[in-house]
Protein chains: 2
Amino acid sequence: MMPKDRIAQPADAEYTLIRRALEIISGKWRLYLILLLDEHTLRYSELRQRLPAVSEKVLAGELKALVTLGVIRRDVFAEVPLRVEYTLTSKGRSALPILRQMKQIGQIFNEHFDAT
Amino acid sequence: MMPKDRIAQPADAEYTLIRRALEIISGKWRLYLILLLDEHTLRYSELRQRLPAVSEKVLAGELKALVTLGVIRRDVFAEVPLRVEYTLTSKGRSALPILRQMKQIGQIFNEHFDAT
DNA sequence: CGGCATCCTTATGGATACTG
DNA sequence: CAGTATCCATAAGGATGCCG
């Protein structure tokens, strides 16, 4: 979020928008969840299998946060046993091209040190 | 960093590169520092004035981290009083266009909720 | 001036048992 | 099956005093 009690700067408008973008992929697992759900709609147990190192609390919490942000959608099917599916929303999908462009930054900083 | 003990997925290569990109803007102040230094080279005290809410420890630590990552450069001028200037490196500058594209994601998620 | 060292508070992530 | 609740561990950020 915005730091408090600071002098307004021209960079603030940019900062705020980029921060909002970062919010959807902050944390250790959100980016993974988005990339996985770009491939398929998945149910809760399938996400757990693909992310074995994440705890129940964190997985459920991150999914809930992404739903609130409007990145993914949660569909409940009142079957027995219960089925819950998670799907990227159109807004979530629209963010993917730019997320994938960020790989370019990653590649730039994989190269050798060049402090010019 | 990469989560440990998980099954390898096709998304891993993407995840790793995007994570590396995120590393340079993770934390509460790095994005601010980069945007400020894109406008001018600044000395330590000037950065402090423009970011009044940041503590000495955090500011100095983040600057050091960005130098280590190769995003910014630290130039020391052995004057009295001492002068230290921070400047974006060419690698740092090359990341800016993509960072600015992320504003598009921010705008998408500023719009009304649309869970399709 | 430009930090670093120390101590403290808060945020994030995790393990595990239990529930609708 | 798909979570919640509780408690715990670690990391990130902050306040402040001191030093080259």
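The table for this structure:
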read-out	value
Some residue of region B:43-59 being more than 28 Å from residue A:35 (Cα to Cα) and in contact (Cβ under 8 Å) with a residue 40 or more places away in the chain	yes
Restricting region A:85-106 to residues that are without any contact (Cβ under 8 Å) to a residue 12 or more places away in the chain and among the small types (Gly, Ala, Ser), the residue that is farthest from DNA strand C (Cβ to nearest atom)	A:90
Qualifying residues in region B:75-106 (those that are of a type in the set (A, V, I, L, M) and surrounded by fewer than 21 Cβ atoms within 10 Å (Cβ to Cβ)) - the one farthest from the other protein chains (Cβ to nearest Cβ)	B:80
Candidates B:93, B:30, B:43, filtered to the one that is modelled with pLDDT of 95 or more, within 30 Å of residue A:88 (Cβ to Cβ) and out of contact with any His (no Cβ under 7 Å at 6 or more places or on another chain)	B:30
Which listed residue is outside any loop (DSSP other than H, G, I, E, B), more than 8 Å from DNA strand D (Cβ to nearest atom) and not small (Gly, Ala, Ser), from A:63, A:47	A:47
Residue, nearest to the other protein chains (Cβ to nearest Cβ), within region A:43-69, restricted to residues that are within 8 Å of DNA strand C (Cβ to nearest atom) and more than 14 Å from the chain's Cα centre (by Cα)	A:53
Single match in B:103, B:28 (criterion: closer than 30 Å to residue A:67 by Cβ and not in a helix (DSSP H, G or I))	B:28
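Results for (1) out of contact with any helix residue (DSSP H, G or I) (no Cβ under 7 Å at 6 or more places or on another chain); (2) closer than 13 Å to residue A:43 by Cα, shown as yes or no for each residue.
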| residue | (1), (2) |
| --- | --- |
| A:59 | no, yes |
| A:65 | yes, no |
| A:75 | yes, yes |
| A:78 | yes, no |
| A:81 | yes, yes |
| A:89 | yes, no |
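The values are calculated or read from the model by the stated rules, or taken from the named source; none is laboratory data. Quick caveat: nothing in here was measured; it's all calculated off a predicted structure. Glycine gets a Cβ as well: all are built from the backbone with ideal geometry, and neighbour counts include every protein chain shown.
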